[in-house]
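Below: the structure, in structure tokens.
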Amino acid sequence: MTEQRASGRTRSARAATGLLMSLGLLTAIGWASGHDARAAPATIPNPAPATDTTPDQYSPFWVDPNSQAQHQTRMVEKRGRAGDAALLRRISDRPTAVWLTEKDPAEHVREATEDATRAGQVPVFVAYNIPGRDCGQYSSGGAASDEEYRQWVGRIAEGIAGRRAVVILEPDAVPQAATGCDGRSRVDAETESGSAAGLRPAPGSRSDRRSLLADAVRTLKARPGAAVYVDAGNAGWIRDVNQIADVLKSAGVKSADGFALNVSSFQTTRASQEYGHRLSAALGGAHYVIDTSRNGKGPAPEHENRGGEPWCNPPGRALGTPPTTKTGSPAVDAYLWVKRPGESDGACRGGPPAGQWWTEYALGLAREAMSEPTGGGPAADPAAEKQPAADRRAEDRRANDRP
């Protein structure tokens with residue numbers, strides 16, 4: 001981004017306008033350019049509360065009208081389950097990221113950015129195709145070679161053209177590289193990442209993941225409307241911020257708009273902000289965004305995991321703060337819903353494969369958010385509650401078969 005803090009402005013106002021300025025959503029107000037002029041706050045302000053509604057002026061992000069959440073909400077409503085549909089609208093009516101994993105993402109990106117531009121909004125994309133993706137675990141895959149990946153990123157840039165967009169670059173790639181999985185190896189079994197002990201080597205020759213990410217940052221930032229954040233894992237993964245900072249530097253974070261935290265994870269906003277504050281300082285004051293999509297109650301306590309992997313569809317979790325640029329911190333550009341709530345983490349705890357919609361889990365996230373003191377939201381439909389749970393689950397499975 002190209003801004004410097006103007007003297008006399010309040011902390012909250014600066015936090016709410018940083019990303020908007022970078023995307024050209026606000027007029028210039030006398031801020032000069034330069035990453036080096038930024039500094040992490042001397043103290044960590046309290047995160048913004050998890051309110052049920054977000055003022056439009058602080059939420060410029062695009063709501064995908066063709067998302068799985070939108071489709072499933074309509075299907076559930078057609079079946080007369082008004083209460084469940086009201087719960088699902090707490091997900092479907094809010095902006096969530098578009099994950100790019102297809103072989104050629106250019107047309108997808110072009111359509112989304114054009115739709116968002118017509119709506120006066122900004123889409124959030126996740127570039128997720130690094131060679132050796134997820135170290136062969138639930139979300140394994142990715143480009144077959146370094147050159148294929150560079151071409152793939154170039155197609156994203158072509159799709160963006162001169163329009164505005166936010167891109168979260170390669171969830172898990174940097175922290176996995178920092179712990180030994182640089183396209184073919186394994187990561188630390190003690191981490192909270194999506195990769196646990198016994199990882200399979202990724203096929204093909206070893207990739208220089210850092211160089212690929214740095215190249216991707218340069219390619220995407222060549223588009224004037226693009227804001228780019230390199231994923232940095234979460235507060236429960238790599239505790240040593242200097243370790244992750246070193247990899248981020250070689251991955252081009254200095255040329256990006258900053259880094260992203262908590263993607264698809266459940267760490268609280270407070271924990272993420274405390275960690276982000278230290279990582280920001282290690283990077284000379286870099287800005288960052290936080291995924292708050294499912295962190296309303298933080299990670300599942302150990303006794304609730306029942307032997308499962310804590311990152312994979314943990315029970316009892318809740319939606320977090322809706323997407324907004326009003327974060328209360330000058331270093332935090334936005335809270336985003338990067339993970340799309342209701343889409344499975346993987347085939348664990350009875351869930352479908354990673355990325356597929358799971359209505360039962362989505363409803364749980366929304367219900368748990370309503371149980372929070374700041375949750376609010378619509379009341380459940382008593383008639384829906386009378387329907388046997390087994391019948392609702394059967395309907396959910398049928399609804400998941402998209403026409």
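Computed from the coordinates by the stated procedures, all read-outs in this text should not be read as laboratory data. Not measured: the values here are computed from a predicted model. Neighbour counts run over all protein chains shown; Cβ positions are idealised from the backbone, glycine included.
Worth a mention:
- Cβ-Cβ FRET estimate between Glu360 and Glu107, R0 fixed at 30 Å, reported to 0.05: 0.40
- Under a 5 Å amide H cut-off, with hydrogens placed 1.01 Å from N, Val126 pairs with Val98, Trp99, Leu100, Ile168 among residues at least 5 apart or on other chains.
- Working from label points 7 Å from Cα in the Cα-to-Cβ sense, the Gln151 to Lys249 distance is 3.5 nm.
- Extension gain from Asn66 to Ala281, taking 0.36 nm per residue of separation minus the Cα-Cα distance: 73.5 nm
- A simple rule links phi to the HN-Hα coupling: the Karplus curve 6.51 cos²θ - 1.76 cosθ + 1.60 with θ = phi - 60°, which for region 332-339 gives 9, 6, 6, 9, 10, 9, 6, 5 Hz, with x for Gly and Pro.
- In order along region 238-249, the phi-based Karplus estimate (6.51 cos²θ - 1.76 cosθ + 1.60, θ = phi - 60°) of 3J(HN,Hα) comes to 9, 6, 7, 5, 5, 5, 6, 4, 4, 5, 4, 4 Hz; Gly and Pro are listed as x.
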